[in-house]
Amino acid sequence: MYKVKKSPWVLHYDGSSCNGCDIEVLACLTPVYDAERFGIVNTGDPMQADILLITGGINSQNEAVVKQLYDQMPRPKVVVAVGVCACTGGIFKDCYNILGGADKVIPVDIYVPGCAARPQAIIDGIVQAVELFEKRLEKHKAYVKKEKEA
Amino acid sequence: MKKRSIVPYGPQHPVLPEPIHLDLVIEDEKIVEAIPSIGFVHRGLESLVQKRDFNQMVYVAERVCGICSFGHGFGYCEAVEKIMGVEVPGRAKYLRTIWFELSRLHSHLLWLGLLADGFGFENLFYQCWRIREKVLDVLELTTGGRVIFSVNKIGGVLKDVDEDMLAAVKDMLDKIELELKPIVKTFREEKTVRSRLDGVGVLTKQQAHDLGCAGPFARASGIKSDMRKMGYAAYGELDFDIITSDVGDSYARCDVRIGELFQSISIIRQAIEKLPTGDIAVPVKGNPDGEAFIRIEQPRGEAVYYVKGTGTPFINRMRVRTPTFANLAGLCETLKGADYADVGLLILTIDPCISCTER
Ligand code: SF4
């Protein structure tokens, strides 16, 4: 089984986005942009997901939800923040209920800027995430192998 | 007595594009009660009036929601213009109407796709979204943005369109009208679609009225209310009817929105036909002093904007009341007695926009 290449599964969570980036992420999965051609599959289940796409900033209500989603994902995992809201808090940064970007609560690997982020940028982010995921998977496999031998 | 249990639904759930949480009290497979809890997308956007002046607030208002973004910017501008007594030039009014209807077009197509996805018809979902991309293409051509346009400003609009752009819009309308035919036929005649929608989640006219529902959701239950008939922007000079249905089930909601797709196409055509020449904006001097209420018809229903200024660049209060919030009560009513398997579908039929609701 170690020789089989894995298709990363993508989970999308809407933090406190305005929907703009949200529907652009969805648009990426439709035939016009078709992000699935890079070998990813969209899923709704965090337990099966490898890449987390997060849109929107973190607020006091969804802080725990985001953390929990991240913890539920199996290792190795990659997080992509889509839109300036998820990167830094964006236009809502000064709002009383926004704590900041997604990296306030979970480690973010790839930042996709834009308000709203364009599908081309999102696809680029996904491609980078897939590459990073493959690298991490190699490392993870080596680690597991070493553990077994020890 | 049958055993009751509570099933949590959301906030992260495959059929929900946005986070909302419902506690469903179920008896066997039937829903007895649904208790919503919201707040996952609350940002506190209205408080930004203290930090952004009234011109900058246009861009904040647009980001109340990314799907009906044009409408929010428009509603806010109308409210400030009303306070300041600014008369928007005719061309700007017509351009706003055209962009508003294009937004409605893309929003309804988006919804039809999500609904198809909700009952498991993936192909139909992709077809709807493929057509939606064509609408987005002309929106990008005319405004420069795909979902957030930023073309409104106090006193008019920021961008003008030329003949080529108008021709592209007309061309797109002709094309999608043709392409919509087979899709609409599938929604209306396909047995598998109808079996998921017919008679599911009926809301009577009385219930819809008592619960204060808005938009296509209320119109599907026979309530004849459409704020566009109040004649803001250029709607007063254009010819269209309010589309309603008397049935009140999920199919009626789908049918009403399909009708509105073609209605929007006709409104845009009329507006392009009548588009006057002239300025696209008037200069605005001074600061807003006073208060105003504006009611407009968003793709999801009636939205209300309240703005209060005190003569400084920073307005004192901005308040938005969005259609989804009005429809949540109706949703909980339709969920009562529904099958557990239909919950996702029923939530979709009100076309929920959580980020509008919670801001
Ligand atoms: S980055 Fe802009 S478009 Fe995206 S969620 Fe934030 S405000 Fe909306």
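The values are calculated or read from the model by the stated rules, or taken from the named source; none is laboratory data. This is a predicted model, so every value here is computed, not measured. Note that we place each Cβ from the backbone using ideal geometry, even for glycine, and neighbour counts take in every protein chain shown. Side chains are part of the model used for accessible areas, which takes the heavy atoms of the whole protein and leaves out ligands, DNA and RNA. Shrake-Rupley method; radii C 1.70, N 1.55, O 1.52, S 1.80 Å.
Size descriptor for the range B:174-305, Kirkwood hydrodynamic radius: 17.1 Å (Cα pairs only, one decimal). Set against the 2.2 N^0.38 Å expectation for a compact globular protein, the protein assembly as shown has a Cα radius of gyration ratio of 0.98. A simple rule links phi to the HN-Hα coupling: the Karplus curve 6.51 cos²θ - 1.76 cosθ + 1.60 with θ = phi - 60°, which for the range A:113-130 gives x, x, 9, 7, 4, 7, x, 4, 5, 5, 4, 4, x, 5, 4, 4, 5, 4 Hz, with x for Gly and Pro. When chains A and B come together, the accessible area they lose, probed at 1.4 Å and totalled over both chains, is close to 3100 Å².
With Cα atoms as the point set, chain B shows a radius of gyration and Dmax of 20.5, 72 Å.
The B:R321 and A:V127 beta-carbon pair, evaluated with R₀ = 45 Å, returns a calculated FRET efficiency of approximately 0.60.
Counting Cβ atoms of other protein chains within 10 Å of each Cβ in A:87-98 and taking the mean gives 5. With θ taken as phi - 60° and the Karplus curve 6.51 cos²θ - 1.76 cosθ + 1.60 applied, the whole-hertz 3J(HN,Hα) list for the range A:31-39 is x, 5, 9, 6, 5, 5, 5, 8, x Hz, x standing for glycine and proline. The lysine pair count for the range B:1-151, using Cα distances under 27 Å and pairs eight or more places apart or on different chains, is 5. At 37 °C and 0.692 mPa s, grab the translational diffusion coefficient of the range B:252-317 from Stokes-Einstein with a Kirkwood Rh over Cα pairs, rounded to a whole number in µm² per second. Value of D from the Cα-based Kirkwood radius: 210 µm²/s.
Rg/Rh for the range B:60-124 to two decimals, with Rh computed the Kirkwood way over all alpha-carbon pairs.
On the way: Rg = 15.7 Å, Rh = 13.6 Å.
Taking Rh as the inverse mean 1/r over Cα pairs, Rg/Rh reads 1.16.
If the convex hull of the alpha-carbon atoms of the range A:1-85 is projected onto planes in all directions, what is the mean projected area in square nanometres? If I average the Cα hull's projected area over directions, I get 6.0 nm².
The alpha carbon centroids of the range B:164-231 and the range B:318-358 are separated by 16 Å. For the range B:300-359, the C-alpha radius of gyration sits at 1.55 times the compact-globule guess of 2.2 N^0.38 Å, with N the residue count. Karplus-derived 3J(HN,Hα) values for the range B:117-126, using 6.51 cos²θ - 1.76 cosθ + 1.60 with θ = phi - 60°, are 5, x, 9, x, 9, 4, 4, 5, 4, 5 Hz; glycine and proline are entered as x. Distances between placed amide hydrogens fall under 5 Å for B:V32 paired with B:V25, B:I26, B:E27, B:G337, all partners being 5 or more residues away or on another chain. Amide H to amide H distances under 5 Å link B:H21 with B:S37, where only residues 5 or more positions off or on other chains count and H is placed in the peptide plane. Panel note: the C-alpha atoms of chain A, placed on their principal axes, show extents of 52, 36, 21 Å (largest first).
If you take all other residues with their beta carbon under 9 Å from the beta carbon of B:F40, and give Lys and Arg +1 and Asp and Glu -1, the sum is -3. Just check the range B:1-154 against the gyration tensor rule for me: Cα atoms, a ≥ b ≥ c as the square roots of the eigenvalues, rounded for a/c under 1.5, and otherwise prolate or oblate depending on whether a/b exceeds b/c. In terms of gyration-tensor shape, oblate. Close amide H contacts of A:H12 (hydrogens built in the peptide plane, cut-off under 5 Å, sequence separation of 5 or more or a different chain): A:T43, A:L53.
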